[in-house]
1. Once you list every other residue whose beta carbon is under 13 Å from the beta carbon of VAL83, what net charge do they have if Lys and Arg are +1 and Asp and Glu are -1?
2. Starting from the Cα of GLU109, step 7 Å along the direction of its Cβ; do the same at ILE35; then give the gap between the two resulting points in nm.
3. Rounded if a/c is under 1.5, else prolate if a/b is larger than b/c, else oblate: which is region 52-125, with a ≥ b ≥ c the root eigenvalues of its Cα gyration tensor?
4. Give me the net charge of ALA106's neighbourhood, meaning all other residues with Cβ under 13 Å from the Cβ of ALA106; Lys, Arg count +1, Asp, Glu -1.
Amino acid sequence: MKTLLKRTVLFFALPICISVYFSLPAAADSTAELILSTQCQGGYTINIWRNYRSGELLYRAISPHGNLSLDGGTSQATEGVRVYRFGNANYEYWVWDGTLDDLQAATLEVYQNNRLLMQQACTKS
């Protein structure tokens, strides 16, 4: 139970810490197209953008616990669905665009040092 609590606190605190201590230069604006928008459990909105000129993938997470903005993501078709991956220090954020059972579903996974910390069910908006 303590481990689950620690992981939950870490997941919610991480975006706040990152936004306070690091500048987040990537910006989604008129130079980018929205390619995926999801609403996840816990009040999270996850948006994946693609820069028109560079093709760079951008990750934007908005939540009651803080916001997180990452750039330099990758996209890969895996197991019949697309997965978007973004890294930040020891953390990786994976957003699955659909599932084999439901193409309107999505999943957010957060890894630390290649260990799954959190998995949230999401729906496309």
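Just so it is clear, none of the values below were taken in a lab; they were calculated from the coordinates. Keep in mind it's a predicted model, so treat the numbers as computed, not measured. Note that each Cβ is placed from the backbone with ideal geometry, even for glycine, and that neighbours are counted across all protein chains shown.
1. On the way: positive: ARG82, ARG85; negative: GLU79, GLU92, ASP97, GLU109.
In short, -2.
2. 1.9
3. In terms of gyration-tensor shape, rounded.
4. -2
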